[in-house]
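Q: Okay, here's the structure, questions in a sec.
The values are calculated or read from the model by the stated rules, or taken from the named source; none is laboratory data. What you are looking at is a predicted structure, and each value in this text was computed from that prediction instead of being measured. Counting neighbours? That spans all protein chains shown, and the Cβs are built from the backbone with ideal geometry, glycine included.
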Amino acid sequence: MATTSKNRELFRTARRSSRPRRSASARAKGCTPALYGNSFLKAKFAPLICTAHRELSSQHKIEKGFYKSLSNLCDYYGLVNGFRSQSVYPVNLFESFQHVKAQFEVLHRDLSLSVIQDDLRPCTFITTKTCCTGHTLYYIPVEPLFNLMEDKNQRKTANLLLSVLAYLYQTVKISHFREPSSYLYYIYHMIEDWIGEDDDNEIHDEKLSAEFSHLKFAGDLMLKAMKNKRNLIYFGSRIKGFKPQNDAEQEILNIARLAFTLMCDYQERSIFDNINESMYLVDDNEDDGKMCVQNYLCFFWGTNGTVYESLWNSVECELSEYNIIDEPMTVQYFDKPQISDVHDLSFENRLFAFLSMLCDTLYAL
C-alpha cells in the first residue's frame, strides 16, 4: 500500500495545473514569412538578343565600327570620349551612345545625332540637318500665267513670269499636274472619274466636265511653254527690259529678280539634291507611310472653279494619313575621319522662302 501512496504523490506533483500561469512576457506572435516582390525589381538581367534581329548578329564588326566612328565624331566636334560602358552587348553601345549624345546636343542643337547600319557600313555615327517645310503644301498655280498670256497687253509680264516658272520646272525639278508621273495628275484623274460615275446631277456634272476640259487643255499649253529652254536663255534680258507700270507688275519683277539670283547662285541645283529617301524606315507593305516631295511641292491649275474644292478635300484626306515627310536633309558619315562640314541647306531655305512669296503673288493676280 505504501507503494501505491507514493505513486499517487508522484502523480500529483507531475500533473499539470488546471490553470497555467501567464508568463511575464507575452509570447511573440508569429506568421508565415511574406514574399518580397520588390526585390525582383532590384535585380539586373543580361538581355537576350532575338535571333530575328539579324542586323545585330555580327557583334565584332558592329562594335568595331561603332567605337571607330565614335572616335572620329569626338575628334571632329571636340567631344570627350572617355566613357566606356561595361554592360553586355548591345547595351554597351546604347549606353555609350546616350553618353555622347548628351554632350553633342548641348553644343549643336541644330543637328541630330544617330547610329545607322547600311550595306557599306556595319555601324557608324551620322549627323543630320533637316530643312523643315512646316507641313506646308507648296502648290504653285499656273492659271494666273495662262490668263496673262491670253491678254496681248500683258505679253511682257507673262513672259517674265513664264521664265520664273520655267526655272522652277526645268532646274528645280518641280513636277507639273499634267505629267502622268506627278501626284496631282493622279488626284485630278481620280476626281474626273468620280464625275463620270455620278448620275444624280447631270447639270453639275456637265459644268465640272467643261471645267476639266479647260484646265487640261490650258495646263498642257503651260507645260509645253515651261519646257521651252528659251525661257531660261532670255531670263536675264527679260528682267532688264521690263518696266513695271503698277504695283502688281513691280511685285512680279521683284519675284523674277529673286528667282534669277537663286538660279545664278545655285546653278543646276534641284530640290532632290538633298532628299535622302533611305534615311526613313517605312514598312514595305505600306505605301502610304511617307509623304514624298511630289506630294507637297507641285504645279497645279488654280483656286478658281469647283474642281479646286474637290482637289483640296482629296489631298487633305489622303496626306493626313502620312506620318513621315521627305524633307531636304544633309547627312555626314563618321565611318572615316571628317575634315569639313557638309550641312549646307542655304539653297533649300532660300527656295522655300521664295516659293512662299511666289504663291502669295500668284494668288493675288
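Q: Return the residue satisfying two criteria in turn: it lies in the stretch 307-365 and is among the β-branched types (Val, Ile, Thr) and part of a strand (DSSP E or B), and of such residues it is surrounded by the fewest Cβ atoms within 10 Å (Cβ to Cβ).
A: If we take residues in the stretch 307-365 being among the β-branched types (Val, Ile, Thr) and part of a strand (DSSP E or B), then 324 is surrounded by the fewest Cβ atoms within 10 Å (Cβ to Cβ).
Q: Right, something else. Got at least one residue in the stretch 327-341 being more than 30 Å from residue 65 (Cα to Cα) and either in contact (Cβ under 8 Å) with a residue 40 or more places away in the chain or assigned by TED's automatic domain parsing to the domain that holds residue 168 (or both)?
A: Checking the stretch 327-341: not a single residue is more than 30 Å from residue 65 (Cα to Cα) and either in contact (Cβ under 8 Å) with a residue 40 or more places away in the chain or assigned by TED's automatic domain parsing to the domain that holds residue 168 (or both).
Q: Could you tell me how many of the residues in the stretch 136-178 are under 24 Å from the mean Cα position of the chain (by Cα) and of a type in the set (Asp, Glu)?
A: Going through the stretch 136-178 one residue at a time, the tally reaches 0.
Q: All but one of (1) in contact with a helix residue (DSSP H, G or I) (Cβ under 6 Å, 6 or more places away or on another chain); (2) outside any helix (DSSP H, G or I); (3) surrounded by 18 or more Cβ atoms within 10 Å (Cβ to Cβ) hold for residue 256; which doesn't?
A: Unmet condition: (2).
Table: residues versus (1) among the basic types (Lys, Arg); (2) at pLDDT 95 or above; (3) in contact with a Cys (Cβ under 7 Å, 6 or more places away or on another chain).
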| residue | (1), (2), (3) |
| --- | --- |
| 278 | no, no, no |
| 281 | no, no, no |
| 285 | no, no, no |
| 313 | no, no, no |
| 325 | no, no, no |
| 332 | no, yes, no |
| 345 | no, yes, yes |
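Q: With among the charged types (D, E, K, R) and over 23 Å from residue 183 (Cβ atoms) as the only criterion, which of 290, 240 stands out?
A: 240
Q: Something else now. Given the structure, is residue 181 farther than 30 Å from residue 247 by Cβ, small (Gly, Ala, Ser) and either touching a Cys at 6+ places or on another chain (Cβ under 8 Å) or in the same structural domain as residue 315 (by TED's automatic domain parsing) (or both)?
A: Yes: the conditions hold for residue 181.
Q: Here's another thing I want to ask about it. Residue 332 - would you say it is under 30 Å from residue 162 (Cβ atoms) and in contact with a strand residue (DSSP E or B) (Cβ under 6 Å, 6 or more places away or on another chain)?
A: no
Q: So if I check each of 121, 178, which one is within 15 Å of residue 297 (Cα to Cα) and in contact with a Gly (Cβ under 7 Å, 6 or more places away or on another chain)?
A: Of the residues listed, the single one that is within 15 Å of residue 297 (Cα to Cα) and in contact with a Gly (Cβ under 7 Å, 6 or more places away or on another chain) is 178.
Q: Related question: If you check 237, 270, which single one turns out to be at pLDDT 95 or above, surrounded by fewer than 20 Cβ atoms within 10 Å (Cβ to Cβ) and under 27 Å from the mean Cα position of the chain (by Cα)?
A: 270
Q: Just to be sure before I move on: is residue 304 closer than 24 Å to residue 226 by Cα, modelled with pLDDT of 90 or more and in a loop (DSSP other than H, G, I, E, B) in the structure I sent?
A: yes
Q: Kindly list the number of the only condition in (1) of a type in the set (A, V, I, L, M, F, W, C); (2) in contact with a strand residue (DSSP E or B) (Cβ under 9 Å, 6 or more places away or on another chain); (3) closer than 22 Å to residue 177 by Cβ that fails for residue 324.
A: For residue 324, the exception is condition (3).
Q: Restricting to the stretch 65-110, what's the tally of residues that are assigned to a helix (DSSP H, G or I) and in contact (Cβ under 8 Å) with a residue 40 or more places away in the chain?
A: 10
Q: With respect to the numbered conditions (1) assigned to a helix (DSSP H, G or I); (2) buried (at least 16 other Cβ atoms within 10 Å of the Cβ); (3) among the aromatic types (Phe, Trp, Tyr), which one is the sole condition not fulfilled by residue 194?
A: In the conditions (1) assigned to a helix (DSSP H, G or I); (2) buried (at least 16 other Cβ atoms within 10 Å of the Cβ); (3) among the aromatic types (Phe, Trp, Tyr), residue 194 misses (2) alone.
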